[in-house]
Amino acid sequence: MQLRYSYRVYPDASQRRALAQAFGCARVVWNDCLRDRKEAHAAGLAYVKSAQLSRLRITQAKRTEERAWLADVSAVVLQQSLRDLDTAYKNFFDSVNGKRQGRKAGPPRFKSKKDTRQSIRLNTNAFSLQDDGTVYVAKVGNLKVTWSRRLPAAPTSLTVLKDSCGRYFLSFVVDTEPDILPERDTETGMDLGLSHFAVLSDGRRIDSPRFLRRAEKKLKRMQKALSRKAKGSNTRAKARIKVARQHAKVADKRRDWHHKESTKIIRESQAVYVEDLAVSGLGRTRLAKSVHDAGWSAFVNMLEYKAVKHGRTFAKVDRAFPSSQVCSACGFRDGPKPLHVREWTCGECGTVHDRDHNAACNVLFEGRRIVAAGRAETLNASLSAGKTRTKVPARCVEAGSPREGQTTQAGIPGLFRSGSTSMGPDAYLR
């Protein structure tokens with residue numbers, strides 16, 4: 001399986017200029033190739049192949065006066081930008097043809113130098129890990145990295161990122177074997193909500209930290225100061241970065257909390273079942289701010305890939321399943337209830353139910369039924385996770401120090417001493 005590890009990096013002034021040039025060149029190649037394909041499509045011509053675009057927009061473009069600066073960055077950066085465009089087109093075509101599951105993917109769009117997020121992608125030919133703990137990037141130099149934990153294996157690719165508040169990160173993709181945890185005899189159904197972030201079928205309630213709501217007063221003051229600055233001025237640019245940094249702090253706190261809670265649930269349960277919520281639809285209601293503040297989708301995604309990583313069973317219960325209407329004691333369907341009804345009595349057996357706990361129990365029962373029927377994603381079940389090479393999209397793994405006995409000796413030689421611990425939450429992007 002593939003995992004993604006992200007670390008904070010601190011380039012100096014010359015390296016920041018080199019990275020800015022690499023970001024710009026990758027963006028130009030993307031836009032030039034995308035324009036050629038759009039023009040060919042508008043003219044009714046055949047789809048322009050990647051080999052032709054590589055020869056025209058990279059190799060020959062370097063010899064022209066107006067694109068000669070493309071030679072100042074690594075050729076790998078330019079080729080990977082073209083490959084990313086091919087991937088974007090493939091996702092679009094597969095989505096149109098019905099081969100791609102999930103939300104429909106739109107056609108690729110042009111990139112702007114004003115985008116808040118800039119990135120380049122490199123393969124092993126354009127970067128290397130040095131013995132002194134730095135990472136060499138072709139035509140950029142040795143970048144100083146804050147290593148929060150070891151890499152479990154040699155990385156296969158690297159993405160250099162710059163976020164909206166000016167921070168730089170290195171994101172490594174690593175091929176690694178699943179870390180199978182000891183089997184447990186407990187299974188967990190989970191009901192996600194707003195009053196409580198989650199209610200588990202065993203009765204445990206996870207309170208919602210509401211990071212955005214807590215930072216709202218400070219954000220409001222900073223947004224007001226930003227709105228008063230003249231457009232295009234340096235003071236407005238500084239105020240925008242301050243607002244972006246505050247939003248980044250909120251996002252980092254939420255992500256860190258999601259990782260800790262999801263890891264705890266996966267370690268304590270052999271199987272985890274959650275309801276497949278329509279988050280995008282709820283994000284367009286009057287509860288939008290609270291829904292986005294909770295971050296249900298990110299949390300469920302963490303549960304899903306950690307189940308694959310640790311050999312657990314994971315299944316989603318269809319959103320149409322009436323988890324709040326069915327009595328978990330006798331199975332009688334008592335009809336829909338408004339949100340303000342938090343407790344109700346079953347009209348058949350007389351059991352008094354807490355709405356959220358009853359829903360979590362029903363999700364547990366339905367999840368077991370789905371797994372028994374063979375309709376769940378059982379490739380990540382404990383019996384097969386150690387025997388199959390399941391291809392999983394690279395995800396950001398939980399940060400912190402490795403557990404006792406976990407094999408994580410690969411990485412930067414000579415960088416860590418035995419028993420070293422994490423460098424703290426500010427050192428990395430989880």
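The values are calculated or read from the model by the stated rules, or taken from the named source; none is laboratory data. Nothing here was measured: the structure is a model prediction, and the numbers come from that model. Here the Cβ is made from the backbone with ideal geometry for all residues, glycine too, and neighbour counts use every protein chain on show. To get the accessible areas, we keep the full protein, side chains included, count just its heavy atoms, and leave off ligands, DNA and RNA. Shrake-Rupley method; radii C 1.70, N 1.55, O 1.52, S 1.80 Å.
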- Task: Inspect the range 100-119 for any residue being modelled with pLDDT of 95 or more, under 29 Å from residue 179 (Cβ atoms) and within 24 Å of the chain's Cα centre (by Cα) and give the result as yes or no.
- Result: yes
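For every residue, the table says whether it meets (1) among the small types (Gly, Ala, Ser); (2) under 18 Å from the mean Cα position of the chain (by Cα); (3) assigned to a loop (DSSP other than H, G, I, E, B).
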position: 217; (1), (2), (3): no, no, no
position: 222; (1), (2), (3): no, no, no
position: 239; (1), (2), (3): yes, no, no
position: 246; (1), (2), (3): no, no, no
position: 250; (1), (2), (3): no, yes, no
position: 264; (1), (2), (3): no, no, no
position: 267; (1), (2), (3): no, no, no
position: 273; (1), (2), (3): no, no, no
position: 277; (1), (2), (3): no, yes, yes
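Quick one: count up the residues across the range 43-55 that are assigned to a helix (DSSP H, G or I) and either in contact (Cβ under 8 Å) with a residue 24 or more places away in the chain or open to solvent by 80 Å² or more (accessible area, probe 1.4 Å) (or both).
Residues flagged as assigned to a helix (DSSP H, G or I) and either in contact (Cβ under 8 Å) with a residue 24 or more places away in the chain or open to solvent by 80 Å² or more (accessible area, probe 1.4 Å) (or both) within the range 43-55 amount to 5.
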- Of 67, 103, which residue is of a type in the set (D, E, K, R), out of contact with any Lys or Arg (no Cβ under 6 Å at 6 or more places or on another chain) and within 17 Å of residue 36 (Cα to Cα)? 67
- Which one is farthest from residue 275 (Cα to Cα) among residues in the range 314-349 that are β-branched (Val, Ile, Thr) and open to solvent by 20 Å² or more (accessible area, probe 1.4 Å)? 345
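Quick test for you: out of 138, 126, pick the one residue that is open to solvent by 20 Å² or more (accessible area, probe 1.4 Å) and at pLDDT 95 or above.
Only one candidate passes the filter, namely 138.
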- Item | Candidates 40, 20, 71, 26, filtered to the one that is part of a helix (DSSP H, G or I), of a type in the set (A, V, I, L, M), open to solvent by less than 70 Å² (accessible area, probe 1.4 Å) and more than 24 Å from residue 113 (Cβ to Cβ) | 40
- Note on the structure: Screening 173, 199, 137 for residues that are under 20 Å from residue 16 (Cβ atoms) and in contact with a strand residue (DSSP E or B) (Cβ under 7 Å, 6 or more places away or on another chain) leaves only 137
- Query: strands (runs of 3 or more DSSP E) wholly in the range 165-212 with at least 2 residues that are closer than 30 Å to residue 145 by Cα and open to solvent by less than 20 Å² (accessible area, probe 1.4 Å) - which ones?
  - Reply: 168-175
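I want to confirm something. Restricting to the range 269-289 and keeping residues that are open to solvent by 40 Å² or more (accessible area, probe 1.4 Å) and polar (S, T, N, Q), which single residue is nearest to residue 181 (Cα to Cα)? Outline the logic, then answer.
Step one: of the range 269-289, the residues open to solvent by 40 Å² or more (accessible area, probe 1.4 Å) are 276-277, 280, 282, 284-287, 289.
When the remaining residues are screened for being polar (S, T, N, Q), the result is 280, 285.
Details: 280: 33, 285: 40 Å.
For the range 269-289, the residue satisfying everything is 280.
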